[in-house]
Amino acid sequence: MSNAPLMPKATAVWLVENTSLTFDQIAEFCKLHPLEVKGIADGEVAAGIKGHDPITSGQLTREEIAASERNPERPLTLAVSKVRLPPPPRKRGARYTPLSRRQDRPNAILWLVRNHPELKDAQIMRLAGTTKTTLQAIRNRTHWNTAALTPIDPVTLGLCSQMDLDFEVNRAAKDRPAHVEEHGQTLLPAEVTTADRHEDTITHADVFGFPTHEEESEEQPDFDVDSVFAKLRDLKVKD
């Protein structure tokens, strides 16, 4: 009942017992019939109900009751609560998919599996509003309509919003283990490069970790050209 006090019969019992309000005023305030209020006053109705004080519960003020007692034609007005309670949290249930879009769910699942392999099964099920059986069938290519499936963005199909998709993708990215990135040329630690060595002996490899082409050529041993050609001549003679 709109604009009705809490426990209207118990409130009517208290008003009958503790005020001089008329039956009509009490009946209108408590959303009861005047004959029912008269029965309460006669002890025929609500005999076992304990009266509820509307002043203590903040539904009426003493000034409001006194003003209505002085004027029998004046109705009682329910006091407005000064405490603003937050709305109850909305429970997020299963996502409803319109009938016209349900045949597109396999296409959306295929799109999510191909374009976002980092998503978990539960995330794909939330985004596409599907079941684990259907998801596994599409992953394993055992779905009855696999040959005719076409990957389509679920946002385009209206199965989820772009915000929902971005939220799930970002959350999946946070859950992924961080891969070690391959870096290019890096300097060696200062302990290595600042060791007690003569300036003339410090090479490019000592600083950067790899030698230059000139240093590589210097490191290669010298070959005896005469001995190499002598061996080649011996091989031709044997042939």
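Only the coordinates and a few stated rules stand behind these numbers; no lab work does. Source: prediction; values computed, not measured. No Cβ is skipped: glycine too gets one built from the backbone with ideal geometry, and neighbour counts run over all protein chains shown.
Data overview
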item	result
Taking 134, 11 and counting other C-beta atoms within 10 Å, the order from fewest to most	134, 11
Reciprocal of mean inverse Cα separation for the stretch 8-70 (Kirkwood radius, Å)	11.5 Å
Charged-residue dipole, Cβ positions (Lys, Arg, Asp, Glu), the stretch 1-85 about Cα centre, Debye nearest 20	380 debye
Burial order of peptide ranges 56-62, 36-42 (average beta-carbon count within 10 Å, highest first)	36-42, 56-62
Gap separating the Cα centres of the stretch 106-124 and the stretch 22-71, nearest whole Å	62 Å
FRET efficiency, 1/(1 + (r/R0)^6) with R0 41 Å, evaluated for residue 80 and residue 166 via beta carbons	0.45
Protection proxy ranking of 162-168, 152-158 - average other beta-carbon atoms within 10 Å, highest first	152-158, 162-168
Segment residue 136-residue 227, extension gain: residue separation times 0.36 nm, minus the distance between their alpha carbons	25.7 nm
Cα gyration tensor shape of the stretch 99-175, rounded if a/c is under 1.5, else prolate or oblate by comparing a/b with b/c	oblate
